[in-house]
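Scroll down for the structure; my scribbles are underneath it.
The values are calculated or read from the model by the stated rules, or taken from the named source; none is laboratory data. These figures come from a predicted structure and were not determined experimentally. Cβ atoms come from the backbone with ideal geometry, glycine included; neighbour counts cover every protein chain shown. The area values use the complete protein model at the heavy-atom level, side chains included, leaving out ligands, DNA and RNA. Shrake-Rupley method; radii C 1.70, N 1.55, O 1.52, S 1.80 Å.
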Amino acid sequence: MAETFAVKLEEKSYLPDPRCKATAWTPDYTRAYQEFVRDPEAFWDRIARELVWFKPWDRVREWNYPYAKWFVNAHLNITYNCLDRHVAGDRKDKPAIVWRGEQGEERVLSYDGLYREVMRFANSLASLGVGKGDRVCIYMPLVPEQVIAMLACARIGAVHSVVFGGFGPDALAMRINDAEAKVLITADAGYRRGKAIPLLGIAREALTHAPCVERVVVLRRETPAVDLDPAREVDYGDLMVHAAPECPAETMDAEDPLFILYTSGSTGAPKGIVHTCGGYMVGTYYTTRHVFDIKENDVYWCTADTGWITGHSYIVYGPLAVGTTVVLVEGTPDYPDPGAYWQLIRDLGVTIFYTAPTAIRMFMRYGDGWPAKYDLSTLRVLGSVGEPLNPEAFEWYYRAIGGGRCPIVDTWWQTETGMQMVTTMIGEAMKPGFAGKPIPGAVVDVVDRAGNPVPPGTGGFLVIKEPWPAMLRTVHGNDERYRAYWNTIPGCYTAGDLAVKDQDGYIMVIGRADDLIVVSGHNIGTAEVESALVSHDAVAEAAVIGKPDPLKGNVIKAFVTLRMGADPGDGLSDELARHVRKSLGPVAVPAEIEYMDRLPKTRSGKIMRRVLKARELGMDPGDISTLEE
Ligand code: PRX
């Protein structure tokens, strides 16, 4: 890891309408944070009591560095809080899931409807021999059955491992084997840009290398229906017809595993991040309600796929624990046209919209005309997650989508954290480029290698200093990799990101620690240079890498995609170099600029600089299983 480094901070801030603050679940950030710091256990105890437990905890937290237990000896079932609680209360007929397919098909499941489907499918899984602690792999398109499958596992205490429906056979097989999944739940097809993606075919290929799977449940969507192999495959619909309707929620210990989710490490094979029942439930429930400020009549849309942590925490568990109406959309943001999302927001009356910077920049590239065609006045809160929301994208999102009216919550967190950790709580001043401050409940800081906080304006390592309820408990089958998170910087969980704080304590995430480029002894964040490039009118997206240089150690090479109508001729490269020099100084100026039609990205939208770098240096790009097709 690199040493600390200076960062020039330019600050602009936006104060949202004071009415948001007055009615927010956290109306006073500072007070809430102080309350948390004064007595963290009392803080989480109070939140946990808003949910239903079968048996209360003996202690809120047990911290045995680096191992934490939360809600010690408590019993619960997360699905009881996501379903039974609402059905027994007054949300029985409230829409839980509003699903839209690519061709405009719509399905609405009320809380009661979802509850019934989950119980039936839970019984179906049990009939296949799945029980508490067994691992079940879910490899499905973004359809309600994916959510039902996750909840059905949780209902009977099985541990789900969802694999994003865009992964190929090798990536799927690796994840199935690592988790030793007994059952695979899949579908014949997912739909993308009008084309069917043959999930079952991919799954069958994966299973030739994954002998642990005994049975495969197939949701059949295509007509005519595909043939199944009666020896191993069983139809989802058939199972449901024969399943008993009632399935009481299994009693789970707070520390029993809820799911495994794979995330790529900076080296080696993907890591199976393990989350547990109690703390994860409390952390996602609390953040969903307080960060998005969800009220009873909200219509909430998170555009992630349930195959990622964002989908687990902020499509499924958090929003359903809160009891909100969740919009689920299968398809791509610019299909059939770049106005598809805005039309959905208008048609469904979406009030809270949570998406990724890469999508925002793509929409920006298509221009203001598309969102302007639709009435987006139902929107109340906008969210962002996954990578730094650069100031240009912030401003565009704020203005063109939020009408200058909606607070933006840029949420920093990770698969490992399970829940959002840093953001600007609703009603607080927003600073473009900065995610914000630690949420009440999280102790996040920017430190040097020895763990000492660095002064404002000095970049360092983003760390978490206290355990939090939704934290990962281990890496499946490899606890040493878990301990590595806590061993790198003394006393801290090291997130692997570089960040800087300003004098008000706002945190700007600069990029991954491993994406830092050292040019002539100066550390330069890739995100910083990219942000500077993107702030030029001609540039849509940019990725920069370090390229070894005999004189300077490294030079910066930039890969750039242009906005519609921009021309790489006409001395644009010189112009961009001048632009970066002006904004960041000469040391940050790319030595080379290459224009591309598109940048290599992961399926979750992160630019894969590693792939660009490998290509540039003529090296093996390593594991590219997460690369978009
Ligand atoms: O580098 C940070 C970036 O995404 C990483 C976590 O990736 P993943 O586990 O796939 O989870 C993504 C969804 C939570 C972080 O280490 N990241 C995530 N959110 C932000 C971010 N970087 C800057 N700003 C954010 N809001």
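Kindly identify region 301-442 as rounded, prolate or oblate by the Cα gyration tensor criterion: order the square roots of the eigenvalues as a ≥ b ≥ c, call it rounded if a/c is under 1.5, otherwise compare a/b with b/c, prolate if a/b is larger, else oblate.
oblate
Could you state the angle between the C-alpha long axis of helix 111-127 and the longest principal axis of the C-alpha atoms of the chain, as a value from 0 to 90 degrees rounded to the nearest 10?
70
Rounded, prolate or oblate: pick one for region 78-250, where a ≥ b ≥ c are the square roots of the eigenvalues of its C-alpha gyration tensor, a/c under 1.5 means rounded, and failing that, prolate if a/b is larger than b/c, else oblate.
Oblate, because a/c is 1.5 or more while a/b does not exceed b/c.
Can you give the Rg to Rh ratio for region 459-607, taking only C-alpha atoms and Rh from Kirkwood?
1.05
Using Cα-Cα distances under 8 Å and only pairs 6 or more residues apart, what relative contact order does region 521-629 have, in percent?
Reported relative contact order: 24 percent.
Less than 12 Å Cβ to Cβ from CYS137, Lys/Arg counted +1 and Asp/Glu -1: what total charge do the surrounding residues give?
Charge balance near CYS137 sits at 0.
If you build the convex hull over the alpha carbons only and average its shadow over all orientations, what do you get for the chain? Give it in nm² to one decimal.
Average projection, Cα convex hull of the chain: 26.5 nm².
Can you work out the FRET efficiency for the pair ALA484 and SER13, with r the C-beta to C-beta distance and R0 = 56 Å, to the nearest 0.05?
Plugging the Cβ-Cβ distance into 1/(1 + (r/R0)^6) gives 0.90.
For LYS613, which lysines qualify as cross-link partners when the Cα separation must be under 26 Å and same-chain residues fewer than eight apart are set aside?
Within reach: LYS271, LYS547, LYS552, LYS557, LYS582, LYS601.
Specify the angular offset, from 0 to 90 degrees and rounded to the nearest 10, of the alpha carbon long axis of helix 169-179 from the longest principal axis of the alpha carbons in the chain.
That helix lies at roughly 60 degrees to the long axis.
Once you have a ≥ b ≥ c as the square roots of the Cα gyration tensor eigenvalues for region 520-617, tell me rounded if a/c is under 1.5, and otherwise prolate or oblate according to whether a/b is larger than b/c.
Oblate, because a/c is 1.5 or more while a/b does not exceed b/c.
For the chain, which whole-number percentage of the solvent-accessible area (1.4 Å probe, protein heavy atoms only) is attributable to carbon and sulfur atoms?
C and S atoms contribute 51 percent here.
Which lysines have a Cα less than 29 Å from the Cα of LYS94, not counting those fewer than 8 places away in the same chain?
Here the lysines satisfying the reach criterion relative to LYS94 are LYS21, LYS55, LYS295.
Provide the net charge surrounding ASP17, with neighbours chosen by a C-beta distance below 14 Å and charges set as Lys +1, Arg +1, Asp -1, Glu -1.
Cβ neighbours under 14 Å give a net charge of +2.
For region 337-412, which trypsin sites (Lys or Arg not before Pro) pass both filters: DSSP loop (anything but H, G, I, E, B) and at most 14 other C-beta atoms within 10 Å?
LYS373
Could you work out the relative contact order of the chain? I mean the mean sequence separation of Cα pairs under 8 Å and 6+ apart, divided by the number of residues, in percent.
Worked out over the chain, it gives 13 percent.
Using a cut-off of 13 Å between alpha-carbon atoms, which aspartates and glutamates can reach LYS69, once sequence neighbours fewer than 8 places away in the same chain are excluded?
GLU41, ASP58, ASP253, GLU255, ASP256, GLU466
For region 88-134, which trypsin sites (Lys or Arg not before Pro) pass both filters: DSSP loop (anything but H, G, I, E, B) and at most 14 other C-beta atoms within 10 Å?
LYS92, LYS132
Loop only per DSSP, at most 15 neighbouring Cβ atoms within 10 Å: give me the GluC sites (Glu not before Pro) in region 1-64, ordered by residue number.
GLU3, GLU10, GLU11, GLU50
For the chain, find the longest principal axis of its Cα atoms and tell me its angle to the long axis of helix 277-291, 0 to 90°, nearest 10.
Helix 277-291 sits at roughly 50 degrees to that axis.
How much accessible area per residue does the chain have, counting only protein heavy atoms and a probe of 1.4 Å, in square angstrom?
In whole numbers, the chain has 37 Å² accessible per residue.
So if I average 1/r over every pair of distinct C-alpha atoms in region 402-490 and take the inverse, what Kirkwood radius in Å does that give?
Radius from the Kirkwood sum: 14.7 Å.
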